[in-house]
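A short write-up of the structure that comes next.
What follows is calculated from the coordinates using simple rules that are stated; it is not laboratory data. The model shown is predicted, which means the values in this text are computed figures rather than measured ones. For neighbour counting, all protein chains shown are included, and Cβ atoms are generated from backbone atoms with ideal geometry for every residue, glycine included.
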Amino acid sequence: QVRFASKKAGGSTKNNRDSAGRRLGAKKVGGQPVIPGNIIYRQRGTHFYPGENVGMGKDHTLFALESGWVQYYQDPAKDKKF
């Protein structure tokens, strides 16, 4: 006499995948020294805009153009963060 399996073998689940975090946010905080090329802030879109001596990459990353210290500020007239 031959018995058959009452349940088929379980397949793998389809929902337990996720991508790794993108490590966005401030890389240098206010008052920290920077040299040219240092990344100051990584972002998606322009959450912060580049101010004096700061450049913006094509992925909206803010980076130092000159040596100095980081300073974040908000322009009351335009209500934008720099």
Practice item. Give a quick list of chymotrypsin sites (Phe, Trp or Tyr not before Pro) in the stretch 1-66 that DSSP marks as loop, anything other than H, G, I, E or B, with at most 10 other Cβ atoms within 10 Å. Key: Phe4
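May I ask you to derive the relative contact order of the stretch 33-81, considering only C-alpha pairs under 8 Å and at least 6 residues apart, and to give it as an integer percent? Display every interim value, and only then the final one.
Working: 77 pairs, mean separation 20.9, N = 49.
Reported relative contact order: 43 percent.
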Check your understanding: Check Tyr41: other-chain or 5+ apart residues with amide H under 5 Å from its amide H, H built from backbone geometry?
Key -> Lys27, Leu62
**Study point:** Segment Thr46-Ser12, extension gain: residue separation times 0.36 nm, minus the distance between their alpha carbons
**Key:** 8.2 nm
Practice item. Using amide H atoms built 1.01 Å from N in the peptide plane, name the residues 5+ places from Phe82, or on other chains, whose amide H lies under 5 Å from its own. Key: Tyr49, Tyr73, Gln74, Asp75
Check your understanding: What does the highest-first list of 64-70, 16-22, 52-58 look like by mean Cβ count within 10 Å?
Key -> 64-70, 52-58, 16-22
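Over the chain, what relative contact order in percent results from Cα pairs under 8 Å that are six or more residues apart?
Details: 116 pairs, mean separation 21.9, N = 82.
In percent, rounded to a whole number, it is 27.
Taking all pairs of different Cα atoms in the chain, averaging 1/r and flipping that mean, what Kirkwood radius in angstroms comes out?
On the way: mean 1/r = 0.0622 Å⁻¹.
Roughly 16.1 Å, rounded to one decimal.
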Point to revise | Cα lying deepest toward the dipole's positive end in the stretch 22-82, options Val34, His47, Tyr72, charges on Cβ | key: His47
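Taking every pair of distinct Cα atoms and averaging 1/r, then inverting, what Kirkwood hydrodynamic radius in Å comes out for the stretch 33-81? Don't jump to the answer; show the numbers that get you there.
Numbers: mean 1/r = 0.0903 Å⁻¹.
With all distinct Cα pairs of the stretch 33-81 included, I get 11.1 Å.
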Study note, to complete from the structure: Filtered pair list for the chain (Lys only, Cα < 30 Å, 8 or more apart or interchain) has a length of 11
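So, with +1 on the Cβ of K and R and -1 on the Cβ of D and E, and no other charges, what is the size of the charge dipole of the chain about its Cα centre, to the nearest 20 debye? Let's see the in-between values first.
Values: 15 positive and 6 negative charges, 196 e Å.
It comes to approximately 940 debye.
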